[in-house]
Structure formats: C-alpha cells, structure tokens
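Engineer: Pasting in a structure now, in structure tokens, and then I'll have a few things to ask.
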Amino acid sequence: MEQQEPQLILCEDGSHTIFLPALNETYHSTRGAIPESIHVYLKNGYFETLKPGLLKVLEIGYGTGLNALLTAIEAESRGQQTEYHSLEPYPLSKDIWSALNYGQLLVQESLWSQLNEAVWNEKQILTKYFNLLKEKVKLEDVQLPDEYYDVVYFDGFAPRKQAELWGVNNLKKLYQSMKPGARLVTYTAKAQVRRDLITVGFEAGVVKGPPGKKDMILAIKKEI
Ligand SMILES: C[S@@+](CC[C@H](N)C(=O)[O-])C[C@H]1O[C@@H](n2cnc3c(N)ncnc32)[C@H](O)[C@@H]1O
C-alpha cells in the first residue's frame with residue numbers, strides 16, 4: 001500500500017479526518033472522527049478494561065493520533081496508568097497533523113503536540129499516567145510480546161481496501177500478544193473478519209456501531 005497526498009477534510013460533526021486519494025479511503029467515518037473513536041475504542045475497549053495498575057493498549061494504525069489523544073485524556077482524568085503502543089508504517093507529516101483540529105476541539109493543544117512530536121521507536125513518558133511507544137512498522141513485521149496487552153484497537157484501513165492487514169496470520173499474532181480476557185475492538189463489522197477471529201480462537205461478535213454504522217466487531221480472548 002502506497003501512502004500518497006493525504007488531504008484534510010471536515011466531518012459532519014466539525015472534526016477533521018484525512019482522505020487518501022490513492023486508496024479512496026478516509027481515516028475515520030465522515031459522520032464524525034471524534035464520536036467514532038470514542039464509541040469504538042474508548043467505550044467498547046479502554047473503559048471496559050480499566051483496572052488497578054498498568055493497562056496496556058496496542059493500536060494498529062496510529063494515523064492521526066486521535067485514539068492516542070482520547071486515551072491519554074482519559075488516563076489522566078481517571079488516574080489510570082496506561083502504556084500505549086501504536087504501530088504505524090506511514091506517519092503523517094507535521095504539515096498534516098498540525099492542521100488537524102483535535103487538540104483545539106478537545107481543548108488539549110499541548111498534549112496533542114506532545115503526542116505527535118514524540119520521537120518514533122522510543123518509549124516516551126508523556127504525562128503522569130500515560131506513556132507512549134509509536135513504532136514505525138507494519139503489523140506484519142513487528143514482534144509482539146506474548147500475553148501482554150489488555151486491549152487492542154484494530155484501526156487499519158477497511159478490509160476491502162487492505163485485505164492483507166486483516167489476514168489470519170496477523171490475527172493470530174494479535175491473539176498471541178493479548179492476555180486471557182483481553183478485548184480487541186474494531187470499527188468494521190465484516191463477517192469474514194469475525195469468522196477469522198473465531199478461527200484463531202477469539203469469542204467474536206458484533207455490538208452496536210458508532211454514529212452512522214449499525215455494528216462493529218468486539219472480540220474477546222477467552223480465559224482458559
Ligand atoms: C484508518 S487509518 C488510521 C486511524 C488512526 N487510528 C486515527 O485515529 O487516525 C489506518 C492507519 O493504518 C495504517 N497502516 C497501514 N498499513 C498498516 C500496517 N500494515 N500495519 C499497521 N498500520 C498500518 C495507515 O497508515 C493508517 O494510518
């Protein structure tokens with residue numbers, strides 16, 4: 001997949017997203033980037049895995065950094081120690097991320113800059129409760145620790161646009177990297193992805209989707 005000429009566009013809710021002409025694909029639902037991210041990754045993922053001690057998040061596709069910003073805000077307000085590991089082979093340029101309005105809309109401009117200025121491939125302590133490792137690598141190529149993550153935000157481009165990302169080998173790798181009881185959330189509801197998640201061992205089903213979308217997938221690594 002080649003990353004070409006990302007363009008900024010405005011969603012219906014007033015938040016920005018990115019449009020990639022080469023893929024004819026946006027980074028978020030054009031109904032609203034912020035409500036979509038809150039619903040899929042925070043409400044169905046992070047909030048359901050809050051716990052005493054360190055909560056470990058893995059994100060597939062750092063993209064704009066919106067999920068990282070929303071998670072960092074919640075980590076601070078809830079006093080939840082959070083380790084956030086995000087994979088992104090094609091980081092956006094500063095020209096693009098600095099034009100996105102998330103920091104402004106969420107009144108977190110300094111945290112927004114901190115996240116996006118953070119050096120790639122090195123763990124950074126960003127706030128009292130939030131540390132970040134943005135890794136410039138594909139899911140296919142990364143080595144992940146065993147039974148480590150509490151929650152996975154699977155936020156790649158749609159399976160019809162980037163089928164290889166959602167392949168069984170990648171799903172197996174994610175399954176192996178998750179603790180028993182951990183959850184994987186994604187905006188897609190595609191039946192083939194759900195069947196493949198079940199094949200690799202998850203309990204996977206659909207739950208109510210974000211604004212404008214009927215369903216999304218929630219997968220849980222069964223406790224043995
Ligand atoms: C839907 S967009 C990003 C959404 C992002 N979480 C956000 O809030 O902006 C998908 C992202 O996955 C990244 N990506 C593409 N191929 C990938 C791969 N093989 N492994 C991990 N990430 C990938 C893209 O570059 C893009 O940034």
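Quick note: the coordinates plus some simple rules give every number you see, no bench work behind them. Because the structure is a prediction, the values reported are computed rather than measured. Cβ placement follows ideal geometry from the backbone for every residue including glycine, while neighbour counts extend to all protein chains displayed.
Engineer: Would you list, by chain and number, the aspartates and glutamates whose Cα falls below 12 Å from the Cα of Lys43, excluding same-chain residues fewer than 8 positions away?
Structural biologist: Once the sequence-local aspartates and glutamates are set aside, what remains near Lys43 is Glu74.
Engineer: To make sure I understand, if each residue's beta carbon is the centre and we count other beta carbons within 10 Å, what order do Glu122, Glu135 fall in, fewest to most?
Structural biologist: With the fewest neighbours first, Glu122, Glu135 line up as Glu122, Glu135.
Engineer: Given a Förster radius of 25 Å and the C-beta distance between Gln7 and Ala158 as r, what FRET efficiency does 1/(1 + (r/R0)^6) yield to the nearest 0.05?
Structural biologist: E(calc), rounded to 0.05, equals 0.90.
Engineer: May I ask you to sort Lys56, Lys134, Lys161 by Cβ crowding, counting other Cβ atoms within 10 Å and putting the fewest first?
Structural biologist: Lowest to highest Cβ neighbour count: Lys161, Lys56, Lys134.
Engineer: Continuing with this model, one more query. Under a GNM of the chain (C-alpha, springs under 10 Å), which listed residue has the highest mean-square fluctuation: Val151, Val193, Val142?
Structural biologist: In this elastic network of the chain, the residue with the biggest mean-square fluctuation among Val151, Val193, Val142 is Val142.
Engineer: Moving on to the next point. In the chain, what % of DSSP beta bridges are antiparallel (nearest 5)?
Structural biologist: Once the DSSP bridges in the chain are tallied, antiparallel ones form about 50 percent.
Engineer: Non-local amide H neighbours of Met178 (under 5 Å, H modeled in plane, Pro and chain starts lacking H): which ones?
Structural biologist: Glu147, Tyr148, Tyr149
Engineer: Out of every Cα pair in the chain, what percent are spaced more than 26 Å from each other?
Structural biologist: Tail fraction, whole percent: 30.
Engineer: Roughly how far apart, in whole Å, are the Cα centres of the range 185-219 and the range 128-169?
Structural biologist: 16 Å
Engineer: Roughly speaking, what is the stretch gain from Asp95 to Gln81, that is 0.36 nm per residue apart minus the C-alpha to C-alpha distance, in nm to one decimal?
Structural biologist: Separation in residues times 0.36 nm, less the Cα-Cα distance, equals 1.9 nm.
Engineer: Still on this structure, I have one more. Of all DSSP beta bridges located in the range 106-224, what percent are antiparallel, nearest 5?
Structural biologist: Expressed as a percentage, antiparallel bridges in the range 106-224 total about 75.
Engineer: Using Cβ contacts closer than 10 Å as the measure, can you line up Thr127, Thr17 from fewest to most?
Structural biologist: With the sparsest Cβ surroundings first, the list reads Thr127, Thr17.
Engineer: With each run of n ≥ 4 DSSP H residues scored as -39500 (n - 2.57), what mean residue ellipticity at 222 nm is computed for the chain after dividing by its residue count and rounding to the nearest 500 deg cm²/dmol?
Structural biologist: -6500 deg cm²/dmol
Engineer: If you don't mind, there's one more thing I want to ask. Using 21 Å as the Cα-Cα cut-off, could you pick out the over-long pairs in Lys172/Lys221; Lys138/Lys161; Lys161/Lys213; Lys123/Lys221?
Structural biologist: Checking Cα-Cα distances, Lys123/Lys221 exceed 21 Å.
Engineer: Shifting gears a bit: Taking H placed 1.01 Å from N in the peptide plane, check which residues at least 5 places from Phe130 or on another chain put their amide H under 5 Å from its amide H.
Structural biologist: Amide H neighbours of Phe130: Thr82.
Engineer: Applying 1/(1 + (r/R0)^6) with R0 = 25 Å to the Cβ-Cβ distance of Gln192 and Tyr148, what FRET efficiency is obtained, to the nearest 0.05?
Structural biologist: 0.40
Engineer: Just to check I understand the Karplus step: with θ = phi - 60° and J = 6.51 cos²θ - 1.76 cosθ + 1.60, what whole-Hz values come out for the range 114-121, glycine and proline as x?
Structural biologist: Those phi angles translate into 4, 4, 7, 7, 4, 5, 6, 6 Hz.
Engineer: Whole-Hz ³J(HN,Hα) for each residue in the range 40-49, computed from phi via Karplus 6.51 cos²θ - 1.76 cosθ + 1.60 with θ = phi - 60°, x for glycine and proline: what do you get?
Structural biologist: 6, 9, 7, 5, 8, x, 4, 4, 7, 10
Engineer: Here's another thing I want to ask about it. Quick one: net charge of Lys221's neighbours, Cβ under 11 Å, K/R +1, D/E -1?
Structural biologist: Cβ neighbours under 11 Å give a net charge of -1.
Engineer: Within the range 34-76, which residues have the backbone N less than 19 Å from the label spot 7 Å out from Asn169 along Cα→beta-carbon, could you tell me?
Structural biologist: 60-61, by backbone N distance to the label point.
Engineer: Moving on. Which residue, Thr49, Gly32, Gly14, has the largest displacement toward the positive end of the dipole of the range 1-67 when charges sit on each Cβ (Lys, Arg +1; Asp, Glu -1)?
Structural biologist: The residue sitting farthest along the positive end of the dipole is Thr49.
Engineer: For the range 32-221, what is the charge dipole size about the Cα centre, in debye to the nearest 20, if Lys and Arg each add +1 at the Cβ and Asp and Glu each add -1 at the Cβ?
Structural biologist: Result for the range 32-221 is approximately 560 debye, rounded to the nearest 20.
Engineer: By how many nm would the segment from Lys213 to Glu117 lengthen if fully extended, with 0.36 nm per residue of separation less the alpha-carbon distance?
Structural biologist: Between Lys213 and Glu117, full extension yields 31.3 nm more.
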